[in-house]
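Okay, here's the structure, questions in a sec.
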Amino acid sequence: MFRKLLHPTDFSECSAKAFEYVKALCENGIAEEVVLLHVVNKKRVEAMAMGVAWFGETALEFEEEFKDRLIKEAEEKLKKLSKEVKCRVKTIVCYGNPVKEILRVAEEEGVSLIIVGSHGRSNFEEVLLGSVSEELVRRAKAPVLVVRRDVKI
Ligand SMILES: Nc1ncnc2c1ncn2[C@@H]1O[C@H](COP(=O)(O)OP(=O)(O)OP(=O)(O)O)[C@@H](O)[C@H]1O
Ligand SMILES: [Mg+2]
């Protein structure tokens, strides 16, 4: 039932907790395969580019630059994480809307369980569930394991 896992990560403290469950399911032989995924958020990159665009230079050039840099950084981080997993691992970095890309990869890869943190980088105190995890619970076809930010590991 949990043969192939999808772990979307934003490299936050909370997603690191979710990753502990990914590793455990691999170590005890329940899962056989893991897809580690990071989505570089296009909206965020566009906002960053708008913020630094100067007269004479378009935001578009900065967007490309930020995008490339963030994709590279994410690839390196995922590679590091993949070394900690004791089953077959695939790493994917996408560019676009996080929820949309996560749902697409979940379908394309035919995963049997999605493991996310309850919160991510924003980690607002008063928010019950981050918008990405909430949308995944609402829309994903595969079951979603949401790991609380205050879970003791
Ligand atoms: N860009 C992303 N790529 C891959 N996984 C992500 C991404 N963003 C969030 N996630 C996953 O979703 C979980 C919840 O993050 P989410 O973004 O919903 O919370 P938040 O950052 O606290 O709130 P919000 O983004 O709504 O302000 C993370 O722990 C991570 O597992
Ligand atoms: Mg977030």
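The values are calculated or read from the model by the stated rules, or taken from the named source; none is laboratory data. Since this is a predicted model, take the numbers as computed values, not measurements. Every residue, glycine among them, receives a Cβ derived from its backbone with ideal geometry; neighbour counts consider all protein chains shown. To get the accessible areas, we keep the full protein, side chains included, count just its heavy atoms, and leave off ligands, DNA and RNA. Shrake-Rupley method; radii C 1.70, N 1.55, O 1.52, S 1.80 Å.
Please specify each residue of region 91-108 satisfying the condition of being more than 9 Å from ligand 1 (Cβ to nearest atom) and open to solvent by less than 20 Å² (accessible area, probe 1.4 Å).
Gly96, Val105, Ala106
State all residues of region 109-125 that are of a type outside the set (Ser, Thr, Tyr), open to solvent by less than 70 Å² (accessible area, probe 1.4 Å) and not in a helix (DSSP H, G or I); if no residue qualifies, say none.
Gly110, Val111, Leu113, Ile114, Ile115, Val116, Gly117, His119, Gly120 - these are the residues of region 109-125 that are of a type outside the set (Ser, Thr, Tyr), open to solvent by less than 70 Å² (accessible area, probe 1.4 Å) and not in a helix (DSSP H, G or I).
Being part of a helix (DSSP H, G or I) and either in contact (Cβ under 8 Å) with a residue 12 or more places away in the chain or open to solvent by 40 Å² or more (accessible area, probe 1.4 Å) (or both) narrows it down to one residue among Leu145, Leu81, Leu128; which is it?
Of the residues listed, the single one that is part of a helix (DSSP H, G or I) and either in contact (Cβ under 8 Å) with a residue 12 or more places away in the chain or open to solvent by 40 Å² or more (accessible area, probe 1.4 Å) (or both) is Leu81.
Something else now. Please go through region 26-45 and pick out each residue that is open to solvent by 30 Å² or more (accessible area, probe 1.4 Å) and within 22 Å of Val132 (Cβ to Cβ).
Asn41, Lys42, Lys43, Arg44
Next up: Condition (residue is out of contact with any Lys or Arg (no Cβ under 9 Å at 6 or more places or on another chain), more than 15 Å from ligand 1 (Cβ to nearest atom) and over 17 Å from Lys80 (Cα atoms)) applied to region 31-49: is it met by at least one residue?
There is no residue in region 31-49 that is out of contact with any Lys or Arg (no Cβ under 9 Å at 6 or more places or on another chain), more than 15 Å from ligand 1 (Cβ to nearest atom) and over 17 Å from Lys80 (Cα atoms).
Quick check on this structure: which one of Val116, Val111 is among the aliphatic types (A, V, I, L, M), more than 10 Å from ligand 1 (Cβ to nearest atom) and within 23 Å of Tyr95 (Cα to Cα)?
Val111
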